[in-house]
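**Q** What follows is a structure written as structure tokens; I'll ask about it next.
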Amino acid sequence: MTGSDVTQLDVITIGRSSVDLYGTQVGGRLEDMGSFDKYIGGSPTNIACGTARLGLRSGLITRVGDEHMGRFIREELARNAVDTRGVITDPQRLTALVLLGIRDEEQFPLIFYRENCADMALCEDDIDPGYIASARSVVATGTHLSHPRTEAALLKALHLARGAGVRTALDIDYRPNLWGVAGHGEGESRFVASETVTRALQAKLHLFDLIVGTEEEFHIAGGTTDTLAALRAVRALSGAVLVCKRGALGAVAFAGAIPDTLDGGESGPGFPIEVFNVLGAGDGFMSGLLKGWLEDAPWPVALTYANACGAFAVSRHGCTPAYPSLEELNLLIRRGVQRPDLRNDAELEQLHWSTTRANAWLDLRVLAFDHRIQLEEMQGFTPEKGARFKDLCLDAALAVRAGRRGYGILCDNRIGRRALHRASGTGLWIGRPVEWPGARPLELEPELGPDLGGLVEWARENVVKVLCFCHPDDSAEIWAAQEQTVRRLFAAARRNRLEFLLELAPSKVGPVAEDTTARLIQRFYDLGVYPDWWKLEPMRSVPAWQQAVAAIERNDPHTRGIVVLGLDAPEAELAESFAVAARFDLVRGFAVGRTIFADAARAWMAGGMDDAQAVAQMTERFARLCSIWDRARQDAQEAAA
């Protein structure tokens, strides 16, 4: 990589990367926690993701292992739009792990598994001058000053940055046990006095334009537990702007001489929130601060960004997953705190979910073979043959996809489990049905369990798809039953971080007018149900589509979009409906099944068609339907232009 072939970045962070295993249970000892959520972590990694969510072009320099956890970090960085060209794969070392927990408002136990880990092998050869010069700022964190090899890499990056006119920042990020001055069981410790650490930090302070830390972190940098004296000691060695974090009291910035009190610095408004989890809060704070710093905003404004981002982090589970999008940040600053436990603020949480999802699907062509009853009723069906046929459906979908984005499947777990699991990791969009076929009022597949706890076993890339046979004119009894089920399912999907698709089929239960679908959509939004996806019947009327699209955009401007279902319609009818639907950008594509696979399924089940013939026929029909959709979309775009 050379300076001529890198994209201009706003910020490059350097240092730790790890996989955080966060105890799911809250309020107990780490010893007693029985399950863990997996996130990416490490201060520089968190900051790279946090700044990217705020719209900065962010990159990371680190090392990861050549194994599953290293690949997880790479993939998560990419999902968060972080540039990964500075991420080196180390074939000799494992990716670092951290176990963390939330016991109460003051205790947050954690254990670092970092013995000879990949990121501590970062060396001078890993620092590319062109990459450093491509950035507006370089951010270092203190841990990588604790070892000669990583220190040399960091110093090279800092000298290159300063030589190229790139801003430099230090997050002191003092972890005593990572410096070897506290034991393995003291990962939670934030301060142990050490002359060795102080000398190591002080020798580098002149290299920075911005230095950020808590009062305890300035104590270690300044060599005294008197905060003002510590700040003055740092000031004597560096002309950097010093930002001191004060917990619930917010933070203060000192651009010049240190005044007689901490209150004499510049500050921004704080956000009165509940302390739920302090782990990673400083990285969220730093992300917001960097946004303001790189915008050359006044320090009160930059500190407002920082305090708000820190507030989100303190109120949520996890580090990187807690950090806000720019839309969230702006909403909190504009609207203020309406309840101190931000993670339970419905408006903020919906915005967080919908603006931090990865893998945007601008178009989607889905082969739907999640059918169960329709196959079970076919002559020759057995569960074994059904499973085998769904494997063939997947083969057809993959053949049409041919490595391209924008293709997907709908597949069940009851008959199609093997195909469903095989599809994971292929790049297909994967929807998975949960409704008991044909049930009205809505009932769910028994495998979910009475508490819907079965969702915890789902692969995270599976989308919860539920078909609800409903109509605005349904009785109050039917609506009460269906609403309760949909609300429970939606809440369970969110709790398990699974996207949610709601399919509506009003024509199956009553007469349909131009506003029927729009009225149903609004009713579910009024319940607090915000599907990531809508699957709607084909409507040949432009006003009907206009009303449906308007209902969605009015309630959720960040929705994934709509896919059009097929209803076993002939191809010619689908082409007519596609021509209307494709006029609306919110309609991403289609999810069609029996039009593609029904003939092949009947012939194959009865023994009149072999595997290759079935795959060939389904591949040809799916490909042709994709072409019909693509032409409809192109025609609509040309007509609009």
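**Q** Can you name the condition, by its number, that residue 321 falls short on among (1) more than 19 Å from residue 46 (Cα to Cα); (2) at pLDDT below 95?
**A** Among (1) more than 19 Å from residue 46 (Cα to Cα); (2) at pLDDT below 95, the lone unmet condition for residue 321 is (1).
**Q** One residue is enough: does segment 33-54 have a residue meeting the conditions closer than 19 Å to residue 137 by Cβ and open to solvent by 10 Å² or more (accessible area, probe 1.4 Å)?
**A** yes
**Q** Any idea which residue in segment 337-375 is modelled with the lowest pLDDT, counting only those that are aromatic (Phe, Trp, Tyr) and touching a Phe, Trp or Tyr at 6+ places or on another chain (Cβ under 7 Å)?
**A** 361
**Q** Also, quick follow-up: Return the residues of segment 198-243 that are hydrophobic (A, V, I, L, M, F, W, C), part of a helix (DSSP H, G or I) and without any contact (Cβ under 8 Å) to a residue 40 or more places away in the chain; say none if nothing qualifies.
**A** 205, 228, 229, 230, 231, 233, 234, 236, 237
Okay, residues lined up against (1) aromatic (Phe, Trp, Tyr); (2) surrounded by 23 or more Cβ atoms within 10 Å (Cβ to Cβ); (3) touching a Pro at 6+ places or on another chain (Cβ under 9 Å):
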| position | (1), (2), (3) |
| --- | --- |
| 240 | no, no, no |
| 250 | no, no, yes |
| 262 | no, no, no |
| 286 | no, yes, no |
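**Q** Oh, and also: For the condition open to solvent by 40 Å² or more (accessible area, probe 1.4 Å) and in contact (Cβ under 8 Å) with a residue 40 or more places away in the chain, what is the one hit in 70, 27?
**A** 27
**Q** So, one more: Out of 438, 431, 408, 386, I need the residue that is under 23 Å from residue 568 (Cβ atoms) and in a helix (DSSP H, G or I). Which one?
**A** Result: 386 is the single residue among 438, 431, 408, 386 that is under 23 Å from residue 568 (Cβ atoms) and in a helix (DSSP H, G or I).
**Q** Among the residues of segment 327-338, which ones are surrounded by fewer than 16 Cβ atoms within 10 Å (Cβ to Cβ) and in a loop (DSSP other than H, G, I, E, B)?
**A** Hits for segment 327-338 are 336, 338.
**Q** Further question on the same structure: When residue 613 is evaluated against the numbered criteria (1) touching a helix residue (DSSP H, G or I) at 6+ places or on another chain (Cβ under 6 Å); (2) surrounded by fewer than 16 Cβ atoms within 10 Å (Cβ to Cβ), which criterion, by number, is the only one it fails?
**A** That leaves (1) as the condition not met.
Residue by residue, here is whether (1) under 29 Å from residue 41 (Cα atoms); (2) open to solvent by 50 Å² or more (accessible area, probe 1.4 Å); (3) in contact with a Phe, Trp or Tyr (Cβ under 8 Å, 6 or more places away or on another chain) holds:
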site	(1), (2), (3)
222	yes, no, no
229	no, no, no
236	no, yes, no
258	no, no, no
278	yes, yes, yes
282	yes, no, no
301	yes, yes, no
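**Q** Residues to consider are 370, 341; find the one that is in contact with an Asp or Glu (Cβ under 7 Å, 6 or more places away or on another chain), over 18 Å from residue 53 (Cα atoms) and either buried (at least 16 other Cβ atoms within 10 Å of the Cβ) or of a type in the set (Ser, Thr, Tyr) (or both). Step through it out loud before you land on a result.
**A** Details: 341 fails: either buried (at least 16 other Cβ atoms within 10 Å of the Cβ) or of a type in the set (Ser, Thr, Tyr) (or both).
Criteria check complete, one pass: 370.
**Q** Here is a check on your reading of the model: is residue 58 under 24 Å from residue 329 (Cα atoms), of a type in the set (Ser, Thr, Tyr), free of Cβ contacts under 8 Å to residues at least 60 places away in the same chain and touching a strand residue (DSSP E or B) at 6+ places or on another chain (Cβ under 6 Å)? Working first, answer last.
**A** Details: under 24 Å from residue 329 (Cα atoms): yes; of a type in the set (Ser, Thr, Tyr): yes; free of Cβ contacts under 8 Å to residues at least 60 places away in the same chain: yes; touching a strand residue (DSSP E or B) at 6+ places or on another chain (Cβ under 6 Å): yes.
So residue 58 passes the test.
**Q** Please work out if residue 608 is open to solvent by 30 Å² or more (accessible area, probe 1.4 Å) and either small (Gly, Ala, Ser) or touching a Lys or Arg at 6+ places or on another chain (Cβ under 6 Å) (or both).
**A** Judged against the criteria, residue 608 is a match.
**Q** Report every pair of residues separated by at least 6 positions or lying on different chains whose Cβ atoms are under 7 Å apart, first residue within segment 255-278 and farther than 16 Å from residue 232 by Cβ, second of a type in the set (Asp, Glu) and open to solvent by 40 Å² or more (accessible area, probe 1.4 Å).
**A** From segment 255-278, the pairs are 275/105.
**Q** Within segment 243-259, can you find the residues that are over 32 Å from the mean Cα position of the chain (by Cα) and of a type in the set (A, V, I, L, M, F, W, C)? Steps first, answer last, please.
**A** Taking segment 243-259 as the starting set, the residues that turn out to be over 32 Å from the mean Cα position of the chain (by Cα) are 254-259.
Residues satisfying the conditions are 254, 255, 257, 258.
**Q** Here's another thing I want to ask about it. From 97, 54, grab the single residue that is over 23 Å from residue 353 (Cα atoms) and hydrophobic (A, V, I, L, M, F, W, C). Walk me through it before giving the result.
**A** Details: 54 fails: over 23 Å from residue 353 (Cα atoms).
Being over 23 Å from residue 353 (Cα atoms) and hydrophobic (A, V, I, L, M, F, W, C) holds for just one of 97, 54, which is 97.
**Q** Further, regarding this structure: For segment 545-578, how many residues meet the condition of being surrounded by fewer than 21 Cβ atoms within 10 Å (Cβ to Cβ) and small (Gly, Ala, Ser)?
**A** The total comes to 5.
**Q** Take the residues in segment 98-119 that are open to solvent by 30 Å² or more (accessible area, probe 1.4 Å) and aliphatic (A, V, I, L, M); name whichever of them is modelled with the highest pLDDT.
**A** 99
**Q** Can you spot a residue in segment 453-466 that is open to solvent by less than 10 Å² (accessible area, probe 1.4 Å) and closer than 26 Å to residue 514 by Cα?
**A** Yes - at least one qualifying residue is present in segment 453-466.
**Q** Can you tell me which residue within segment 280-301, out of those that are among the small types (Gly, Ala, Ser) and closer than 19 Å to residue 330 by Cβ, is modelled with the lowest pLDDT?
**A** Across segment 280-301, the extreme among qualifying residues is 284.
**Q** Is it the case that segment 309-316 has a residue that's out of contact with any Asp or Glu (no Cβ under 8 Å at 6 or more places or on another chain) and of a type in the set (Lys, Arg)?
**A** yes
The values are calculated or read from the model by the stated rules, or taken from the named source; none is laboratory data. Quantities reported herein were computed from a predicted structural model and do not represent experimental measurements. All Cβ positions, glycine included, derive from the backbone under ideal geometry; neighbour counts span all protein chains shown. Quick note on the areas: whole protein, heavy atoms, side chains included, nothing else; ligands and nucleic acids left out. Shrake-Rupley method; radii C 1.70, N 1.55, O 1.52, S 1.80 Å.
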